[in-house]
Amino acid sequence: MDIRALRYFVETVRCASFTQAAKNLFVTQSTVSKMIRQLEEEVGTPLLIRDGHTARPTDTGRIVHERGVQILGAMRQLNAELREATALTKGELEVGIPPMINVLFIPVVQCFRERHPQIRLSLREGTGQEVERLVGAGELEIGATVLPVASPGPLQAQRFGSHPLWVVGPADVAWAGKKTLSLSALRDVPLLIPTEDFALTRRLRQACEGAGFEPNIAAQSAHWDFLAGMAAAGLGTAILPEPLVQRLKTRGLALARLARSGVQWEPGHIWVRDRYLSFAARAWLAVCGEVLQGEAAADKPAA
């Protein structure tokens, strides 16, 4: 059914006049008459009783008028909601973020809320692998993880940072005082690293294997501050990304940059390749691009 013909019909019934309806619609009277005739041909029955200069609905015309008012109202509501969505004055967005990455997003969330206060933003925490699974399954539109993701696969990735790794230990650790430390120097050192479902741990295991040794893992945790706390207590040497080390209270700790390991901490956004991204998701990516630009060039923590 032609929405324009339906609109002309509803206006004609409201005005009880072809002439007045045409004036209100800013078209000619012949145009209104033609569209209503087409509508009558489509439904297969007369919709108006034409009596001189007036027009009133038939019994079937009353039904079409009643439903037409509802349909046109729904169309107006649809158009209004579409305008709100494209203008980012209404909507919601849920973003998956692993706990080791969430500290990067505090200024992003602040900027997004200031710029798009009408968008209801939810952050769903989970490990990188869990976020990847949720995005791939369509439960989340967009998420963050540590790259790379499995390839080939359904996920498209956009990196928003590249950061070196640092080793963290107690002040009296054997390597204390060194500014850099090679991965091979950690061959026999008890290591404190994230749990196995973190991409960083997978990368570290691969790098150790490439260096010819099996890592000596003392403990694992999904919480970076707990790893740092265990390192401070002398339970081993933690390996953490630079942005997290920058947030540590470094007094009483030994710090060294992990050199020539071939491993960088590269967080990035992921979404399903070729799947439509909402205006809210695109706005989130735009804000992240602005706020996180230059994070990779952040100052190094003091050794």
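Structure above, values below:
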item: Antiparallel bridges, percent of DSSP beta bridges restricted to the chain (to nearest 5); result: 55
item: Integer Hz, Karplus 6.51/-1.76/1.60 couplings in order for segment 216-229, x for Gly and Pro; result: 8, 8, 7, 6, 9, 8, 8, 10, 5, 5, 6, 4, 5, x
item: Segment E125-Q206, extension gain: residue separation times 0.36 nm, minus the distance between their alpha carbons; result: 26.6 nm
item: Principal-axis tilt of helix 106-115 within the chain, Cα atoms, nearest 10 degrees; result: 20
item: Nonlocal amide H pairs with T237, under 5 Å, H built at 1.01 Å; result: L191, L192
item: Options Q220, F198, V43, ranked by Cα towards positive dipole end of the chain, top entry (Cβ charges); result: V43
item: Amide H contacts under 5 Å for R124, placed H, 5+ residues apart; result: V95, G96, I97
item: C-alpha center-to-center spacing [segment 144-173, segment 60-77] in angstrom; result: 56
item: Selected from G210, L186, V13, residue furthest toward positive end of dipole (the chain; charges at beta carbon); result: V13
item: Extension gain (nm, one decimal) between Q220 and E114, 0.36 nm per residue minus Cα-Cα; result: 34.4 nm
item: Value of [θ]222 nm, deg cm²/dmol, for the chain, DSSP H segments ≥ 4, -39500 (n - 2.57) each, nearest 500; result: -12500 deg cm²/dmol
item: Highest-MSF residue in the chain out of G138, G126, G268 [GNM, Cα springs under 10 Å]; result: G138
item: Accessible area per residue, Å², segment 3-68 with all protein chains present, probe 1.4 Å; result: 59
item: Computed label-point distance, nm, for sites A176 and A137 using a 7 Å Cα→Cβ extension; result: 4.7
item: Computed magnitude of the charge dipole of the chain (debye, nearest 20; Cβ of K, R +1, Cβ of D, E -1); result: 720
item: Accessible carbon and sulfur surface of the chain relative to its total accessible area, %, 1.4 Å; result: 51
item: Nonlocal amide H pairs with S17, under 5 Å, H built at 1.01 Å; result: A55
item: Segment 165-258, accessible area per residue, ligands and nucleic acids excluded (1.4 Å, Å²); result: 45
item: Accessible area in square angstrom per residue, segment 108-150, 1.4 angstrom probe; result: 49
item: Listed residues L123, L72, L82, most fluctuating in the chain (Gaussian network, C-alpha, under 10 Å); result: L72
item: Simple spin-label estimate for D59 and N24 in nanometres, 7 Å along Cα-Cβ; result: 2.6
item: Most mobile of G68, G161, G136 in a GNM of the chain (Cα contacts under 10 Å); result: G68
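The values are calculated or read from the model by the stated rules, or taken from the named source; none is laboratory data. The model shown is predicted, which means the values in this text are computed figures rather than measured ones. Here the Cβ is made from the backbone with ideal geometry for all residues, glycine too, and neighbour counts use every protein chain on show. SASA here: full protein model, heavy atoms, side chains in, ligands and nucleic acids out. Shrake-Rupley method; radii C 1.70, N 1.55, O 1.52, S 1.80 Å.
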